[in-house]
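The values are calculated or read from the model by the stated rules, or taken from the named source; none is laboratory data. Quantities reported herein were computed from a predicted structural model and do not represent experimental measurements. Positions of Cβ are generated from backbone atoms using ideal geometry, with glycine treated the same way; all protein chains shown enter the neighbour counts.
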Amino acid sequence: MKLATWNVNSLTVRLPQVLDWLAANPVDVLALQELKMTDEKFPHAALADAGYHSVCFGQKTYNGVALLTRTPVLDVVRNIPDFADPMARVITATVQGTHPIRVVGAYFPNGQALDSDKFQYKMEWLTALRRWLHTELEQYPDLVLMGDFNITFDADDVWNPAEMEGGIYCSEVERSHLRALIGMGLSDSFRLFPYAEKSFSWWDYRNFSLQRNRGMRIDHILITESLKNRATACVIDKTPRKNERPSDHTPVVLTLQSA
């Protein structure tokens, strides 16, 4: 079984790339972020023609998340329950199978700057996410939390630690929230396996950042202990980032052996 996450930075623009990638990489679950479209414009038919069921939670111009799955899903939840949020950031569903998996696809807030109101919102959102996940983990031992986290784990996740450490995406307070998720029994699936130095999932469009590999690893797949025991690989697929008019993010793909 393969599960992937990809911030597509506008599904309107990137739908042909998503369809091409799925044809070449027929994953079982794909979590998308930054759809930047309303629900009524979501391309359910095109994705169904490609063999995927889809559930979405859209928003005009900003945000928006979706789950694409080979089989229908159950118990869909949009956003974080009991946390008032006008932004479309989270979509959760149970992927059916012999051993169902609860999948949480999330677009974490950016935060912009440490002294901004948007950063305070990011902190409140992260606290609410973790509080809600406690209840989800009690109910679903096989759970995946994946998406664009807009946070790095440590200096290995940034191209220039000397310049970036302590700033947005790399601050101690942001990383403490990631460590708290790990403390809840989740594992960073990418770090379960050997990886090359400067392995990133996002590169700025400016200053030839991709060509110079000046990026960050901010797209993550976190998994529970039961799924950790089934994980056989987790890779970053840089190929779509080299497309014409690409997203600034690229997919991360987790492979699980059968239970």
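Things to note:
- Listed by first and then second residue, the pairs with beta-carbon distance under 9 Å, at least 6 apart or on different chains, first residue in the range 51-62 and buried (at least 18 other Cβ atoms within 10 Å of the Cβ), second acidic (Asp, Glu) and not in a loop (DSSP other than H, G, I, E, B), are Cys56/Asp39; Phe57/Asp39; Gly58/Asp39; Gly58/Glu40; Gln59/Asp39.
- Some residue of the range 63-86 being within 30 Å of Asp49 (Cβ to Cβ), loosely packed, with under 15 Cβ neighbours inside 10 Å and charged (D, E, K, R): yes
- Test: residue in the range 87-102 that is touching a residue at least 40 places away in the same chain (Cβ under 8 Å), at positive phi and touching an Asp or Glu at 6+ places or on another chain (Cβ under 6 Å): no
- Residue in the range 154-170 that is in contact with a strand residue (DSSP E or B) (Cβ under 6 Å, 6 or more places away or on another chain), of a type in the set (Val, Ile, Thr) and on the phi < 0 side of the Ramachandran plot present: yes
Residue-wise test of (1) on the phi < 0 side of the Ramachandran plot; (2) touching an Asp or Glu at 6+ places or on another chain (Cβ under 6 Å); (3) acidic (Asp, Glu).
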{"site": "Phe193", "(1), (2), (3)": "yes, no, no"}
{"site": "Glu197", "(1), (2), (3)": "yes, no, yes"}
{"site": "Glu225", "(1), (2), (3)": "yes, no, yes"}
{"site": "Asp237", "(1), (2), (3)": "yes, no, yes"}
{"site": "Asn243", "(1), (2), (3)": "yes, no, no"}
{"site": "Val252", "(1), (2), (3)": "yes, yes, no"}
{"site": "Ser258", "(1), (2), (3)": "yes, no, no"}
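- Cross-chain or 6+ apart pairs with Cβ under 7 Å, the range 182-208 first and in contact (Cβ under 8 Å) with a residue 24 or more places away in the chain and over 21 Å from Lys228 (Cβ atoms), then of a type in the set (Ser, Thr, Tyr) and surrounded by 14 or more Cβ atoms within 10 Å (Cβ to Cβ): Trp203/Ser209
- Evaluation of Leu22 against (1) under 16 Å from the mean Cα position of the chain (by Cα); (2) surrounded by 17 or more Cβ atoms within 10 Å (Cβ to Cβ) (one fails), failing number: (1)
- Of Ser247, Ser187, all but one fail to be modelled with pLDDT of 95 or more, under 18 Å from Leu145 (Cβ atoms) and small (Gly, Ala, Ser); the exception is Ser187.
- Selected residue (criterion: nearest to Val27 (Cα to Cα)) from residues of the range 185-243 that are loosely packed, with under 15 Cβ neighbours inside 10 Å and aliphatic (A, V, I, L, M): Ala233
- Candidates Glu136, Glu172 - the one that is at pLDDT 95 or above and either in contact with a His (Cβ under 8 Å, 6 or more places away or on another chain) or more than 26 Å from Leu68 (Cβ to Cβ) (or both): Glu172
- Test: Gln33 is under 18 Å from the mean Cα position of the chain (by Cα), crowded, with 22+ Cβ neighbours inside 10 Å and of a type in the set (S, T, N, Q): yes
- Where a residue in the range 17-40 is basic (Lys, Arg) and its partner, wherever it lies, is at pLDDT 95 or above and in a helix (DSSP H, G or I), with Cβ under 9 Å and at least six apart: Lys36/Leu11; Lys36/Thr12; Lys36/Val13
- Residue, nearest to Glu138 (Cα to Cα), within the range 87-106, restricted to residues that are of a type in the set (Gly, Ala, Ser) and either buried (at least 19 other Cβ atoms within 10 Å of the Cβ) or at pLDDT 95 or above (or both): Ala93
- Extreme residue, nearest to Lys2 (Cα to Cα), among residues of the range 95-140 that are touching a Leu at 6+ places or on another chain (Cβ under 9 Å) and among the small types (Gly, Ala, Ser): Gly105
- Counting residues in the range 142-152 that are surrounded by fewer than 17 Cβ atoms within 10 Å (Cβ to Cβ), touching a residue at least 24 places away in the same chain (Cβ under 8 Å) and not charged (D, E, K, R) gives zero.
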